[in-house]
Amino acid sequence: MKEMALPAGKSLYESGSHFDHVYFPLSGLVALHSQVENGDSSVLSLVGREGLIGVSSFMGGLSTTSNATVFSDGVFLRIRSADLLQEFEHSMPLLHLLLRYTQALITQMAQTSVCNRHHSVEDAFSRFLLLALDRSTGHELLLTHERVANLLGVRREGVSEAAMRLQKQGLIQYSRGRIQVLDREGMQAGTCECYRVIKTEYDRLLPLKWAV
């Protein structure tokens, strides 16, 4: 493995590209997102220190239909896909761990799709913030409303209105592209069930303490 620092906005792979490397975030966040022909994008899942980027490399696929972009900068471990696949095929503990993570990731993707379709922008925004915090250190995220709107596939005005409502409730504080969660328990209690479904599945399949 090779350790490297990657900046926000760095593309790790694009739809249809071949997997040469798999990345393990030590810090920072990666957004897996899908993009349609007109350029609109929607986030499928967030990956942080609990996971890896490139599950298709050991699931029998040489490419994927999604994109992976560094969402917030951090330090990553990188390994050649062929080397990880060799270990995957010869180490039962590693095989079981990676398959459990893949199942948790699929749950996040599926529940994110349900949330984006059936719940409000405020619920989707809250879920996004909570999942990002689970995969980060601290209680502050460097985010602009426009960036979140692009990832959620909604209008910027919708995200701004949701942020204002959460700030009036004393749950977050937003200023100059920084979002600080002031009342995490209150946000969890007030949002839809989608965050809890995802969090419960990650805790069940990956019982080691990966989040604070």
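Just so it is clear, none of the values below were taken in a lab; they were calculated from the coordinates. In this text the structure is predicted, and so the values were computed from the model without any measurement. In this analysis, Cβ positions are derived from the backbone assuming ideal geometry, glycine residues included, and neighbour counts consider all displayed protein chains.
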* Structure fact -> If one builds a Gaussian network model of the chain from Cα atoms under 10 Å apart, the most fluctuating residue listed among 175, 41, 120 is 175
* Max mean-square fluctuation residue, GNM over the chain, Cα-Cα springs under 10 Å, options 96, 33, 119 -> 96
* When the scattering of the chain is computed by the Debye formula from its Cα atoms alone, each counted once and equally, what is log10 I(q)/I(0) at q = 0.15, 0.16 Å⁻¹? -> -0.96, -1.10
* Asked: How many lysine pairs in the chain, separated by 8 or more positions in sequence or lying on different chains, have Cα atoms less than 28 Å apart?
  -> 6
* Structure fact -> Note: the stretch 2-91, point scatterers on Cα, Debye, no solvent; log10 I/I(0) at q = 0.14, 0.18 Å⁻¹ equals -0.47, -0.77
* Structure fact -> When the charge dipole of the chain is computed with +1 at the Cβ of Lys and Arg and -1 at the Cβ of Asp and Glu, the Cα pointing farthest to the positive end, of 188, 104, 90, is that of 188
* Asked: Considering only 75, 15, 54, whose Cα is most displaced toward the positive end of the charge dipole of the stretch 2-91, charges sitting on Cβ of Lys, Arg (+1) and Asp, Glu (-1)?
  -> 75
* For the chain, cysteines whose Cβ has no other cysteine Cβ within reach (under 4.7 Å) -> 192
* Structure fact -> If every Lys and Arg gets +1 and every Asp and Glu gets -1 at its Cβ, then about the Cα centre the chain yields a dipole, in debye to the nearest 20, of 360
* Candidates 44, 95, 52: whichever shows maximal mean-square fluctuation once the chain is modelled as a Gaussian network with Cα springs under 10 Å -> 95
